[in-house]
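For reference, the structure discussed in these notes is given below.
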Amino acid sequence: MLINDRFEVDRLRGEVTDWQTGTLNRIEPRLMKLLCLLAEHREKPVSRKMIVKEIWDNYPGGDEGLNQAISVLRKLLNDNEKRIIETLPKIGYCFHGTTTADLIGTKSKSLKAIYIPIVLFLLLIIAFALGYYHHREAGNKIVPGKLSQEESTKAFKLDSKEGGQPGRRDDQKRRTAGKADSRGK
């Protein structure tokens, strides 16, 4: 938010920048809440009771805290004549500064508009990668621990008949052939 085309208020960081002097001031959260509350009710009286309830949660020392907070805000906004924050005796305060649109809210909305599609795109990539991996794994016929006893036995028999893996039967054939060769000599 910009006050009187001079003071930029960054709610999220708790900062008020004076564009005229280039001064950056960090303020505590209660002061920021108070400044925003007064700015929201621009040109309307805000009662002390309501401020103490909203900002200090009806804390017994809230009245004194409010006096100090108003003093700090006036110094911060260079409001020596009390024109921006006017004291209304026995009522409260009235904010007379001009304000522009909340720049912070606009920035956060535009960031949301960017981040949501990015997150959705990343989730889509992850889903495709997992689907590809699952499909590729399912395409392999012989996967340890995935075949039933019967399928495993059939696969082993087929492999042995084709002479693929040397097994006990192949060793026995070699031994028998070796003995027959030695007898034939």
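The values are calculated or read from the model by the stated rules, or taken from the named source; none is laboratory data. This is a predicted model, so every value here is computed, not measured. Glycine also receives a Cβ, built like all others from the backbone with ideal geometry; neighbour counts cover every protein chain displayed. Ligands, DNA and RNA are excluded from the accessible area calculation, which covers all protein heavy atoms including side chains. Shrake-Rupley method; radii C 1.70, N 1.55, O 1.52, S 1.80 Å.
Below are the figures for this structure:
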read-out: Selection count where residues are in a loop (DSSP other than H, G, I, E, B), without any contact (Cβ under 8 Å) to a residue 24 or more places away in the chain, surrounded by 11 or more Cβ atoms within 10 Å (Cβ to Cβ) and not acidic (D, E), scope the range 49-84; value: 3
read-out: Conditions (1) surrounded by fewer than 17 Cβ atoms within 10 Å (Cβ to Cβ); (2) touching an Asp or Glu at 6+ places or on another chain (Cβ under 7 Å); (3) under 22 Å from R83 (Cβ atoms); number of the one not met by F7; value: (1)
read-out: Residue ID - modelled with the lowest pLDDT, chosen from residues in the range 85-102 that are surrounded by 12 or more Cβ atoms within 10 Å (Cβ to Cβ) and among the charged types (D, E, K, R); value: D102
read-out: Members of the range 11-48 that are among the charged types (D, E, K, R) and either open to solvent by 60 Å² or more (accessible area, probe 1.4 Å) or not in a strand (DSSP E or B) (or both); value: R11, R13, R26, E28, R30, K33, E40, R42, E43, K44, R48
read-out: I126 open to solvent by 100 Å² or more (accessible area, probe 1.4 Å), in a helix (DSSP H, G or I) and modelled with pLDDT of 75 or more; value: no
